[in-house]
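All remarks here apply to the structure that follows.
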Number of protein chains: 2
Amino acid sequence: MPDQQTIRDGEQSVETDHPTDAALRFIGRINTPWRRRADCPRQGRPDGPECTIEIFEPWGPALRGLERYDRIEVLYWLHHSRRDLVLQNPAHDGQLFGTFALRSPVRPNPIGTAMVSLVALQGLLLTVRGLDCLDGTPLVDIKPDRCAFSPKAPPKPGS
Amino acid sequence: MPDQQTIRDGEQSVETDHPTDAALRFIGRINTPWRRRADCPRQGRPDGPECTIEIFEPWGPALRGLERYDRIEVLYWLHHSRRDLVLQNPAHDGQLFGTFALRSPVRPNPIGTAMVSLVALQGLLLTVRGLDCLDGTPLVDIKPDRCAFSPKAPPKPGS
């Protein structure tokens, strides 16, 4: 659902219906230091601040074994984003990019993905580094960074 | 919604309501050689077969500039997966893992993510390598592998 955010020069929105092809359930809440979008880093950094992820029941048992991983993938719902822009002017300089050529939160299905470092896992609370989203962002999924049946590897260089 | 898939020894499901905290719209269709789940590779490989991704209108203009990227992230909906398992027995050997410690398609929000090589982009059709999903899988999102405003980098070693 588009919100009241302004469209910048040249940006293009499309008319869309609002189908529910699939329904997401929020499974947790992400706590970060960033309360306004303007404060969020453009991309998470491995040396960024510690953030916490709180898992809601009944999903607690699904965390079993996650502590074996140094790096995990986090999927979250960018709940303040409009969904109807196909062209965006991200640098405010008139240069237009297609939405799929950007990692902007504004997209048809505003799902963010981040590979983060798992610092600690205690009960239903994960501590991680590497996020870039707003405080209060709804959690959609957590996965290891690689298939469970490959051997444990060190973090990839540059990742 | 759980389907009729069998639960293996020790696996644990939970009672969940089925809220629609957020609604996804499918924005395309993924075409792969794999017609049955048993045929899908466990994880996509950079030297895997070419697959195509068809983008539905009105999202075509959102592809502008994507051709600058060698690697893109693909998000898709694992439409045949049950959503209520918290513990899984993936190797059929009695060893149980939490759902969040697996990249299994069975999860509360069955969204798959893959980093793939972009081989070609023509009109509304992308050709990629590195997918592992079923033919006909609904597309949810496409993003570049990194922030648009970082310099163009070669593919990461080992990724």
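Quick notes on this structure:
- Entry remark, region A:23-43: residues being within 14 Å of another protein chain (Cβ to nearest Cβ), without any contact (Cβ under 8 Å) to a residue 12 or more places away in the chain and of a type in the set (Gly, Ala, Ser) number 1 in total.
- If you go through region A:84-120 and keep only what is without any contact (Cβ under 8 Å) to a residue 24 or more places away in the chain, part of a loop (DSSP other than H, G, I, E, B) and more than 10 Å from chain B (Cβ to nearest Cβ), you end up with just A:ASP93.
- Residues in region A:58-82 that are without any contact (Cβ under 8 Å) to a residue 40 or more places away in the chain and among the acidic types (Asp, Glu): there are none.
- Residues in region A:8-22 that are within 14 Å of chain B (Cβ to nearest Cβ) and either within 19 Å of the chain's Cα centre (by Cα) or surrounded by 15 or more Cβ atoms within 10 Å (Cβ to Cβ) (or both): A:GLU11, A:GLN12, A:SER13, A:VAL14, A:THR16, A:ALA22.
- Filtered residues of region B:70-83 (kept if more than 7 Å from chain A (Cβ to nearest Cβ) and either surrounded by fewer than 19 Cβ atoms within 10 Å (Cβ to Cβ) or not β-branched (Val, Ile, Thr) (or both)): B:ASP70, B:ARG71, B:TYR76, B:LEU78, B:HIS79, B:HIS80, B:SER81, B:ARG82, B:ARG83
- Of all residues in region A:31-55, those satisfying the criterion of being farther than 21 Å from A:LEU118 by Cβ and of a type in the set (Lys, Arg) are A:ARG35, A:ARG36, A:ARG37, A:ARG42.
- Flag for A:PRO46 being out of contact with any Cys (no Cβ under 8 Å at 6 or more places or on another chain) and either on the phi < 0 side of the Ramachandran plot or surrounded by 18 or more Cβ atoms within 10 Å (Cβ to Cβ) (or both): yes
Bear in mind that the values in this text are calculations on the coordinates, not laboratory data. What you see is a predicted model; the values in this text were computed from it and never measured. Quick reminder, even Gly has a Cβ in these numbers, built from the backbone with ideal geometry, and neighbours come from all protein chains shown.
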